[in-house]
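Structure record follows, encoded as structure tokens.
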Amino acid sequence: MGKESVSTNFPLASRKIFAAALVIIVVGLACTYAYFVGRTYEVRITEADLRAKVASRFPLTKSLLILQAKLSNPRIALVEGSNRVALGIDLELNLHASGNAEPLGGKADVEASLRYEPAAGAFYLDAPEIRRLDLQGVSEKYTPLVRDAVREALVHDFAKHPAYTLGLSNMKTAVARLVLRKVVVDHGVLILTLGV
């Protein structure tokens, strides 16, 4: 039995077509890059859009040692002139050590920054800081536990769910997803400046 050899030689015409197609693709990519370099694009997100996206994930629950916390009714406010988002959250707490059969209440005011993940084209709320904790019927000795439970619930949720995702509806957005240049709140609108 003889071995059949498969020829890997392409006819000259096929090689020329392949080379021409490769040159066209490289030139096309170079032209696209040259067109977008130095240009910026703005994405504007209203407070209402952000509120709707974040609110859809609530209520959140977190159990920590003797505490069970339920976070609900998020209220969003964009912090003017910054890249921060403020959240007001209602709390329902069950402390198993307090002997209370009914849930205790409270409110938390939280601020978070925005983090951009270019590969996903997604913006995440990040690094939540509890600015104020107003608790009714909760002993002061449990305040650090409540603070930790609220922060952990938010960190976990924020890491899993983007606050906003850029669409791939057009070439400009797809290319602009590469680099976030600036994030600022101006007149109640979150302005994301992107570019190559």
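The values are calculated or read from the model by the stated rules, or taken from the named source; none is laboratory data. Since this is a predicted model, take the numbers as computed values, not measurements. As a convention, Cβ positions derive from the backbone with ideal geometry for all residues, glycine included, and neighbour counts pool all protein chains shown. With ligands, DNA and RNA removed, areas are computed over all heavy atoms of the protein, side chains included. Shrake-Rupley method; radii C 1.70, N 1.55, O 1.52, S 1.80 Å.
Things to note:
- Looking at P144, P128, just one residue is at pLDDT 75 or above and in contact with a helix residue (DSSP H, G or I) (Cβ under 6 Å, 6 or more places away or on another chain), and that residue is P128.
- Remark: pairs (first residue in segment 152-167, in contact (Cβ under 8 Å) with a residue 24 or more places away in the chain; second residue surrounded by 19 or more Cβ atoms within 10 Å (Cβ to Cβ) and hydroxyl-bearing (S, T, Y); Cβ separation under 9 Å; 6+ apart in sequence or on different chains) = F158/Y124; A159/Y124; H161/Y124; P162/Y124; A163/Y124; Y164/Y124.
- Comparison of L67, L78, L93, L104 shows that the only residue that is more than 30 Å from V189 (Cα to Cα), open to solvent by less than 40 Å² (accessible area, probe 1.4 Å) and touching a residue at least 60 places away in the same chain (Cβ under 8 Å) is L67.
- Close pairs from segment 49-60: first surrounded by 14 or more Cβ atoms within 10 Å (Cβ to Cβ), partner part of a loop (DSSP other than H, G, I, E, B) and hydrophobic (A, V, I, L, M, F, W, C), Cβ under 7 Å, at least 6 apart: L50/A163; K53/A163; V54/A163
- Exactly one residue among Y41, Y33 is among the aromatic types (F, W, Y), loosely packed, with under 15 Cβ neighbours inside 10 Å and either at pLDDT below 75 or in a strand (DSSP E or B) (or both), and that residue is Y33.
- Checking each residue in segment 122-140 for being open to solvent by less than 60 Å² (accessible area, probe 1.4 Å) and not in a strand (DSSP E or B) picks out V138, S139.
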